[in-house]
Amino acid sequence: MNKAELIEALSQESDITRTAAKAAVRVFADSMAKALAKGDRVEVRGLCSIYVKEYKTYTGRNPKTGKKVKVKPKKLPYFKCGKTLKDRLNVK
């Protein structure tokens, strides 16, 4: 499902206009991005939690050449699936 499909589903399920659904999805995504940028954790019970992991400098390897390279410190979002979602995916 992409963003446009999510907007369409929200519009149909909630009986709201596509414009209102688009605004709701935008606010949701922007709020999550702002929280993560501040270093906060985002948690949607039953679905997932997302937080930022910080990685220190390390020596990596260029897979094409095999040459060692220095990788700068970085921050990456980390997604952890919620138990309810796991259970829904593993229904027998």
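A single member of SER31, SER49 is closer than 24 Å to THR84 by Cβ and loosely packed, with under 13 Cβ neighbours inside 10 Å, and it is SER31. Filtering LYS56, LYS67, LYS92 for residues that are modelled with pLDDT under 95 and exposed (fewer than 10 other Cβ atoms within 10 Å of the Cβ) leaves a single hit, LYS92. Just to verify a result, which residue in the stretch 43-55, among those that are out of contact with any Pro (no Cβ under 9 Å at 6 or more places or on another chain) and not charged (D, E, K, R), is nearest to TYR78 (Cα to Cα)? Among those residues, the one meeting the criterion is SER49. Could you check, for the stretch 63-74, whether at least one of its residues is touching a helix residue (DSSP H, G or I) at 6+ places or on another chain (Cβ under 6 Å) and not assigned by TED's automatic domain parsing to the domain that holds ALA4? No, the stretch 63-74 has no match at all.
A quick yes/no check of all residues on (1) of a type outside the set (S, T, N, Q); (2) in a strand (DSSP E or B); (3) in contact with a Lys or Arg (Cβ under 8 Å, 6 or more places away or on another chain):
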residue: GLU8; (1), (2), (3): yes, no, yes
residue: THR19; (1), (2), (3): no, no, no
residue: VAL27; (1), (2), (3): yes, no, no
residue: ASP30; (1), (2), (3): yes, no, no
residue: SER49; (1), (2), (3): no, yes, yes
residue: VAL52; (1), (2), (3): yes, yes, yes
residue: THR59; (1), (2), (3): no, yes, yes
residue: VAL69; (1), (2), (3): yes, yes, yes
residue: LEU76; (1), (2), (3): yes, yes, yes
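Checked against the criteria, ASP40 counts as surrounded by 10 or more Cβ atoms within 10 Å (Cβ to Cβ), in a loop (DSSP other than H, G, I, E, B) and either of a type in the set (Asp, Glu) or under 22 Å from the mean Cα position of the chain (by Cα) (or both).
Cβ-Cβ contacts under 8 Å between residues 6 or more apart (or on different chains), taken from a first residue in the stretch 30-41 that is over 13 Å from TYR78 (Cβ atoms) to a second residue that is among the charged types (D, E, K, R), are listed as ALA35/ARG41. For LYS68, indicate whether it is in contact (Cβ under 8 Å) with a residue 12 or more places away in the chain and over 24 Å from LEU6 (Cα atoms). No; evaluated as a whole, the condition is false for this residue.
The values are calculated or read from the model by the stated rules, or taken from the named source; none is laboratory data. None of these values were measured; they are calculated from a predicted model. Neighbour counts run over all protein chains shown; Cβ positions are idealised from the backbone, glycine included.
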